[in-house]
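Trainee: So that we are looking at the same thing, I have put the structure below in structure tokens.
The values are calculated or read from the model by the stated rules, or taken from the named source; none is laboratory data. As the structure is a prediction and not an experimental result, all values here were calculated from the model. Note that each Cβ is placed from the backbone with ideal geometry, even for glycine, and that neighbours are counted across all protein chains shown. Accessible surface is based on the protein model in full, side chains and every heavy atom, while ligands, DNA and RNA are left aside. Shrake-Rupley method; radii C 1.70, N 1.55, O 1.52, S 1.80 Å.
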Amino acid sequence: MLKPSYSGFQGVFLVLIVLCGLGASTASTAAYDRNKALPVEKVIYGHVSSVRELTQSELQIDQNRGWKIFGGALLGGVVGHQFGGGSGRDVATVLGALLGAGAGSHSSRDRLRQMKLIELLINLDDGQQVMVLQDFDPGMRFNPDDRVRVIYFPGWVRVDLAM
């Protein structure tokens, strides 16, 4: 009975596919989820005194940079190994690995992301005045004199329009 045999290249490609699959998964989380129950410390109502829209730049670091460089070097080394013979093959393998690592590094650059924020100056019903800086929500527009509620969560604050 014949047993299937796997060549070394099939194993290398299988490892490369698995590594690329692991490196491709990224997760993003929103700062505020409207469909989630959270414990509230207190809620205070007030009126908006001023509204200012801001933008903030945030550096997003590519978390998969190492895997992309490694995958590029591995693939470049395999392709480079196909050329030449003897010591020429070794040189081609090393050059292929270096070029592949460079290509992997080039594809994994840090990016600058622009975030829209809103700054609200609020006169609370208890006489205090607070300023809140929060992420911009296009579904919730604030204007001066709007009635709002300031919701205090453990460790952070959120402002919503009063219902």
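Trainee: Rounded to the nearest 0.05, what FRET efficiency do residue 105 and residue 135 have when you use their Cβ-Cβ distance and R0 = 30 Å?
Mentor: It comes to 0.40.
Trainee: Still on this structure, please answer the following. For a Förster distance of 30 Å, can you work out the FRET efficiency between the beta-carbons of residue 37 and residue 123, rounded to the nearest 0.05?
Mentor: My answer for the efficiency is 0.55.
Trainee: Same structure, new question: If I model a spin label at residue 55 and residue 153 as a point 7 Å from the Cα along the Cα→Cβ vector, what separation in nanometres do I get?
Mentor: Modelled inter-label distance: 2.6 nm.
Trainee: Considering only protein heavy atoms, with the full assembly of protein chains and a 1.4 angstrom probe, order 41, 53 by accessible area, largest first.
Mentor: Result, largest first: 41, 53.
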